[in-house]
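Reading through the structure tokens given below for one structure.
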Amino acid sequence: MYRTSDVPDHPTRQCPGCFRTLVVGSPNFHQDSLCADGFTRKCADCRNEAERIRYSLEAPQRARAKRERRAERRAHFESTGHYEAA
Ligand SMILES: [Zn+2]
């Protein structure tokens, strides 16, 4: 917990991702209860960008998992003649 004398009315933080200095709090930073002051270290824009990249990097994995599920269902259908939703 901060003593009020330690913090200005609108504490700011420099984002380590884009090096902009922004007022800590919504909408500049996402809330995160694990962080010391309740907000993420990186700004919301950087978090969103990182999430977008992560999602796109995982696209091949999602496509492969989908193919595998389809193959399993097809094999099941061909062996039994019954289609069962997965
Ligand atoms: Zn940033």
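The values are calculated or read from the model by the stated rules, or taken from the named source; none is laboratory data. Bear in mind that the values here come from a model prediction, so they are computed numbers and not experimental data. Please note: Cβ atoms are built from the backbone with ideal geometry, for glycine as well, and neighbour counts cover all protein chains shown.
Computed quantities for the displayed model
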item: Tally, over the stretch 7-23, of residues that are over 19 Å from the mean Cα position of the chain (by Cα) and within 15 Å of the ligand (Cβ to nearest atom); result: 8
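Conditions (1) more than 16 Å from the ligand (Cβ to nearest atom); (2) at pLDDT below 95; (3) in a loop (DSSP other than H, G, I, E, B), marked per residue:
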{"position": "33", "(1), (2), (3)": "yes, yes, yes"}
{"position": "46", "(1), (2), (3)": "no, no, no"}
{"position": "65", "(1), (2), (3)": "yes, no, no"}
{"position": "68", "(1), (2), (3)": "yes, no, no"}
{"position": "72", "(1), (2), (3)": "yes, yes, no"}
{"position": "75", "(1), (2), (3)": "yes, yes, no"}
{"position": "79", "(1), (2), (3)": "yes, yes, no"}
{"position": "83", "(1), (2), (3)": "yes, yes, yes"}
